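Since every read-out is calculated from the coordinates, none of them should be taken as a lab result. None of these values were measured; they are calculated from a predicted model. Methodologically, a virtual Cβ is constructed for each residue, glycine included, from the backbone with ideal geometry; neighbour enumeration extends over all protein chains shown.
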Amino acid sequence: DTGVSQDPRHKITKRGQNVTFRCDPISEHNRLYWYRQTLGQGPEFLTYFQNEAQLEKSRLLSDRFSAERPKGSFSTLEIQRTEQGDSAMYLCASNPVGGRAGDYEQFFGPGTRLTVL
Amino acid sequence: AQSVTQLDSQVPVFEEAPVELRCNYSSSVSVYLFWYVQYPNQGLQLLLKYLSGSTLVKGINGFEAEFNKSQTSFHLRKPSVHISDTAEYFCAVRKAAGSYQLTFGKGTKLSVIP
């Protein structure tokens with residue numbers, strides 16, 4: 001399977017703990033995005049990378065959140081001092097720059113479901 | 001800023017009946033429009049997109065959508081639904097220039113009744 005992969009698929013943690021999620025985009029996709037989806041809502045944009053550069057960040061991305069893409073391939077999203085309000089599905093997406101698909105379609109991974117107790 | 005309103009949170013429909021899922025958007029700049037489908041425990045899959053040109057867009061699985069600029073709408077339709085179409089559907093917009101982030105609506109749960 002050559003789609004976007006995310007690890008872990010599920011994470012249960014206690015309030016105050018730190019968690020880290022990983023996203024592996026489709027090979028050679030330059031752009032990588034993180035979204036958060038809470039119950040009953042559509043996904044909300046968090047941040048996006050082009051190669052290793054973080055080019056956009058949402059106001060939703062508080063100081064407790066940090067995302068990296070150090071070599072322009074996989075990305076990690078870390079949440080420090082988790083709160084119950086952080087419980088959500090964290091989705092990763094990627095797309096290429098240019099090409100036949102252009103930069104229009106974002107290909108989504110299956111998500112990481114975080115539960116903060 | 002852009003916003004998307006999906007007018008129906010849940011739509012039940014009998015198998016083989018037609019369905020329309022409604023989407024309205026708001027934006028002060030030109031946008032691209034998308035419909036995504038999400039099956040349980042899966043990521044989002046693109047159904048179709050409107051970038052420019054013909055206002056009637058055909059997508060996968062027999063779905064189509066019509067872009068109406070004057071009404072700022074992008075409703076999704078299918079003439080005959082199947083059980084396998086049961087899923088959540090999300091309308092999304094993106095600025096045509098300057099940003100790549102998608103803004104999603106809250107979603108519409110389509111339930112196909114046998």
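Things worth noting here:
- Taking chain A as a Gaussian network of alpha-carbon nodes connected by springs under 10 Å, the highest mean-square fluctuation of the residues A:Ser94, A:Ser75, A:Ser58 belongs to A:Ser58.
- Positive-end ranking of B:Ser80, B:Leu51, B:Asn41 along the dipole of chain B, with charges on Cβ about the Cα centre, is headed by B:Leu51.
- Hull volume per residue, based on the alpha-carbon atoms of the protein assembly as shown and their convex hull, is 127 Å³.
- The three principal axes of the C-alpha atoms in the range A:7-117 carry coordinate ranges of 44, 29, 25 Å, sorted with the longest axis first.
- Its Cα centre serving as origin, the range A:38-94 has a Cβ charge dipole (Lys and Arg +1, Asp and Glu -1) of approximately 80 debye.
- Test item: Cα-centred dipole of the protein assembly as shown, Lys/Arg +1 and Asp/Glu -1 on Cβ, debye: 480 debye
- Each residue of the range B:6-114 gets 96 Å³ once the volume of the Cα convex hull is shared out per residue.
- Residue-averaged beta-carbon neighbours from other chains (10 angstrom radius) around A:58-69: 0
- With a 10 Å cut-off around each Cβ of B:29-41, the average count of Cβ atoms from other chains is 2.
- For the range A:36-99, the Rg and Dmax computed from alpha carbons only, in angstrom: 12.6, 41
- Along chain B, the exposed loop sites are GluC sites (Glu not before Pro) outside DSSP states H, G, I, E and B with at most 14 other Cβ atoms within 10 Å, and the longest stretch free of them is B:17-114.
- For the range B:33-114, a simple Cβ point-charge model (Lys and Arg +1, Asp and Glu -1, everything else neutral) yields a dipole of about 220 debye relative to the Cα centre.
- Listed residues A:Ala53, A:Leu39, A:Cys92: farthest to the positive end of the dipole of the range A:1-106 (Cβ charges): A:Leu39
- Shielding by other protein chains, B:96-103, mean Cβ within 10 Å: 5
- Relative contact order %, the range B:12-114, counting alpha carbon pairs below 8 Å whose residues are six or more apart: 36 percent
- For the cross-link pairs B:Lys49/B:Lys106; A:Lys11/B:Lys95; B:Lys49/B:Lys109; A:Lys71/B:Lys95; B:Lys49/B:Lys95; A:Lys11/B:Lys49, the ones whose C-alpha atoms lie over 24 Å apart are A:Lys11/B:Lys95; A:Lys71/B:Lys95; A:Lys11/B:Lys49.
- Label-point separation, A:Leu60 to A:Gln41 (7 Å along Cα→Cβ), nm: 0.6 nm
- Scaling the Cα radius of gyration of the range B:1-52 by the globular reference 2.2 N^0.38 Å produces a ratio of 1.36.
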